[in-house]
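The structure appears right after this line, and notes come after that.
Readers should treat all values here as calculations from the given coordinates under stated rules, not as data from a laboratory. Quick caveat, the model's predicted, so the values are computed rather than measured. FYI the Cβ positions are ideal-geometry reconstructions off the backbone, even for glycines, and counts take in every protein chain you see.
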Amino acid sequence: MSIPPGLLARRTSELPRQLWHLGGLMSIRVTAGDTDGAVSVVEQQALRGYSTPPHVHSREDETLVVLAGELEYTVGGRDGVLKAGESAFLPRHKAHRFAVISERAHYLMLITPGGFEEMFQVVNSPASEDGDAHTPTDPGLMAAESASRGATLFRDDPAERARQAELLAAAPGTAESYRYFAAQIAGPGPTFDDVIDGLVVAAHRIPSDPGHARALILLGILAEASHDAVSPRLPEILHAVGPDQPESVLLALAFLGAHFREHADAVLAATTGLSDEDRQRLERCLADPDPDRIGRSWPTPALWELNEAERELDRRWRDEGRWDAATVRAIWDAETTSLLAFMGAKADHHVERNARV
């Protein structure tokens with residue numbers, strides 16, 4: 001169990017338990033010192049508009065329990081709404097945030113193991129439940145104190161996201177803008193809708209500047225964590241890119257499209273110019289799990305010819321495995337992941353070599 005240094009040595013009376021936090025009233029009902037570090041319980045009351053910054057913990061899990069009102073939350077890229085009597089688990093190592101969307105809300109936050117409540121006690125001003133005027137929480141201090149306890153806060157900067165998206169849409173695309181969006185996608189924080197919007201707009205510019213195929217690669221990476229957010233945009237992207245594209249664009253488009261079996265026909269129709277080897281990789285990623293094709297997916301059959309003895313050896317290997325459906329799916333998905341990694345790396349190499357931005 002990892003507990004911030006010195007926490008259990010402090011008497012709970014030494015730090016305030018009634019606090020103003022981001023404009024909401026916080027009451028620390030149970031501290032780590034009360035439970036030998038096992039759990040902390042924090043009660044909060046807040047008005048509409050209260051919102052935590054996106055953040056991720058490395059030491060503790062959180063559980064939200066709504067007593068009254070409604071909360072909107074995001075965890076691991078998935079959104080949800082909690083009403084009175086409902087709860088949500090926000091595990092460590094997954095970025096999350098939540099906000100009050102009703103007129104007011106009353107809820108509990110359970111922290112396991114306990115200890116992180118000390119951050120609230122250090123950075124916030126004391127309060128009483130009879131309505132003291134609150135002092136704003138210093139975001140810089142909160143970020144620093146959170147970091148010292150193994151948690152990372154992500155600054156939500158919509159103005160900067162909008163600026164970078166505008167650069168891609170209205171001016172020659174810049175490597176800096178793509179580095180910015182890559183950091184947004186690859187980091188542990190949540191991916192905002194306008195990041196997807198900006199990359200889709202950039203994809204529209206591919207016919208005039210193939211260097212924007214970088215947007216397709218980033219959307220493919222994003223699809224692995226936020227499939228349902230990217231999938232509805234794929235038809236628009238395929239239409240915007242159009243046929244007769246250079247190899248770098250086709251490879252990037254194949255990497256993106258390989259994530260979406262529901263769009264298989266459209267993806268295959270848009271990538272007819274691929275080489276036989278790249279085409280077979282794409283077809284394999286879009287295929288439904290088939291035990292008879294396991295072992296034939298990497299690097300791809302296009303790279304060799306199998307004789308009958310090799311085919312028979314392959315059949316015996318599969319038969320002797322006696323795999324159930326779950327095992328077949330696990331092997332199939334692992335091979336698909338390997339193929340996607342190869343396709344993404346190859347696309348990135350070709351785009352980087354041929355891009356002007």
- prompt: Using the alpha-carbon atoms, what tilt in degrees (0 to 90, nearest 10) does helix 247-257 show relative to the longest principal axis of the chain?
  reply: 60
message: Nearest 10 degrees is fine. How inclined is helix 308-321 to the longest principal axis of the chain, computing both from alpha carbons?
response: 30
- line: The local net charge around Y107, scoring Lys/Arg +1 and Asp/Glu -1 for residues other than Y107 whose Cβ lies under 13 Å from its Cβ, equals -2
- prompt: Points 7 angstrom from Cα along the Cβ direction at A183 and A99: gap in nanometres?
  reply: 2.3
- line: Measuring from the longest principal axis of the C-alpha atoms of the chain, the long axis of helix 276-286 (C-alpha) lies at a number of degrees, nearest 10, equal to 40
message: Multiplying the sequence separation of H106 and D319 by 0.36 nm and subtracting their Cα-Cα distance, what value in nm do you get?
response: 70.9 nm
field: Efficiency of FRET between A159 and A287 - r from beta-carbon atoms, R0 35 angstrom, step 0.05
entry: 0.20
- line: If exposed means trypsin sites (Lys or Arg not before Pro) lying in a DSSP loop and surrounded by at most 12 other beta carbons within 10 Å, then the longest stretch of the chain lacking such sites spans residues 156-321
statement: Row for segment 28-141, column shape: gyration tensor on C-alpha, a ≥ b ≥ c, rounded if a/c < 1.5 i.e. under 1.5, prolate if a/b over b/c, else oblate; value rounded
